[in-house]
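Take a look at the structure below.
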Amino acid sequence: MNNIILAGIALVILLSAMLAENVISRKRKARLRVIVQVNGTRGKSETVRLIHGALKGNGFRVLGKTTGTVPLWITPEGKHVEIIRRGPANIQEQFLALRKSWRDKCDALVVECMAIKPEMQLASGRILDADITVITNTYPDHIEEMGNTEEETAGVLSLSIAPGKTCIVGSLSPEAHERIKKTCEKIETELIGAAPSKEDLSGFRFLPHNENLSIAAKVVELLGLDKSLAIEGMKEVQPDVGTFRYLMLGCKTRNAILANAFAANDLHSTSLLLEKVKRDFPEKDIIGFFNSRDDRPDRAAIFETMIRSFDRIIVRGPLPRRILKSKSVEKLDDPSQLDSHLNGSELVFGFGNIRGLVDWLNGMEEIS
């Protein structure tokens, strides 16, 4: 059998699988009362969490999915569960979200659009066929794929909008707004702007950005939900697991503190947070805890100077051999055992990467 025939067979199998997935996905979407897709340059993950909380507060059994600091499922109970990827991010995860919502017997789905390239934006929109597509903002980013102006970025983001449905936009430039308006008119989709929110933020577990809150409030209004129940639901939303916070570390060492700087993926931002920690706790001995990605051990080189700066450093994951040879390093496989390495009064500065730590971090109590 020659290569052309084999390629033809493979193509037929692939197309058949895609057709079957589309048929199954339509059935899964039909079960959901509402699908919300959140797109934009900034604020997507927080907006997903707020809309999830608003729907949950109104009695929906809702699944959320974010791809911000770390890819997460937000369960119908409001818990954050890390999505373990076996490779790079792939638009097929939108199919996975539909499948999981079916398995978890959900009646609502709120999904962050993970696409960058125009063709993937279009694919995400077609896969989800969302009742409401949110575009938080159109600040230039990923310039090679989306363009270097708000208007060009809006043109790419608007490809994800489902025909005949609704699109909510946040703060846009006039040019970006006009670009999205033209797209919506062409596909007969209603375009709605979200006015600034004036909600009382007391009682929230974190301080949401006003623009993100205003979008969530507009979703509540469009769906005819109870506003007071939505606010109560949003107050229960967990902050992003990567938000810099001080956490109470472990059960054996109640005076030990973890500074969660794992999500600051560059050396400059991490250094600024370390300086803040030193100002906030000048009396504490600071221990470094470096979480290294198994799939990217080379990234440890970015933080090499910081790793060397600690008198005591604990490491989870691989390190370059030159660092191991020249520095006394304590290795740790299970982060839940970190407190057993401590006396009880130290402050642990966690940095490097957040992958693999979500469940552990979610189990800790924040120190106000």
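The values are calculated or read from the model by the stated rules, or taken from the named source; none is laboratory data. Please read these numbers as outputs of a predicted model, since none were measured by experiment. Using ideal geometry, Cβ is built from the backbone for each residue, glycine included, and neighbour counts are taken over all protein chains shown.
Looking only at residues in the stretch 309-335 that are part of a helix (DSSP H, G or I) and at pLDDT 90 or above, the one that is surrounded by the fewest Cβ atoms within 10 Å (Cβ to Cβ) is 309. Applying a threshold of 7 Å to beta carbon distances and a minimum spacing of six or more residues, or different chains, the list of pairs starting in the stretch 342-368 at a residue that is closer than 20 Å to residue 83 by Cβ and ending at one that is among the aromatic types (Phe, Trp, Tyr) and surrounded by fewer than 18 Cβ atoms within 10 Å (Cβ to Cβ) is empty. Residues in the stretch 161-213 that are within 26 Å of residue 128 (Cα to Cα) and polar (S, T, N, Q): 166, 171, 183, 189, 212. When residue 225 is tested against (1) in contact (Cβ under 8 Å) with a residue 40 or more places away in the chain; (2) in the same structural domain as residue 62 (by TED's automatic domain parsing); (3) not in a loop (DSSP other than H, G, I, E, B), only condition (3) is not met.
The set of residues in the stretch 274-316 that are within 21 Å of the chain's Cα centre (by Cα) and within 10 Å of residue 351 (Cα to Cα) comprises 291, 292.
Quick one: would you say residue 162 is part of a loop (DSSP other than H, G, I, E, B), at pLDDT 95 or above and surrounded by 24 or more Cβ atoms within 10 Å (Cβ to Cβ)? No.
Residues that are over 18 Å from residue 76 (Cβ atoms) and more than 12 Å from the chain's Cα centre (by Cα) within the stretch 40-61 comprise 40, 41, listed in sequence order. Listed by first and then second residue, the pairs linking a residue in the stretch 253-276 that is under 16 Å from residue 337 (Cα atoms) to a residue that is aromatic (Phe, Trp, Tyr), with Cβ atoms under 6 Å apart and 6 or more places separating them unless they lie on different chains, are 257/246.
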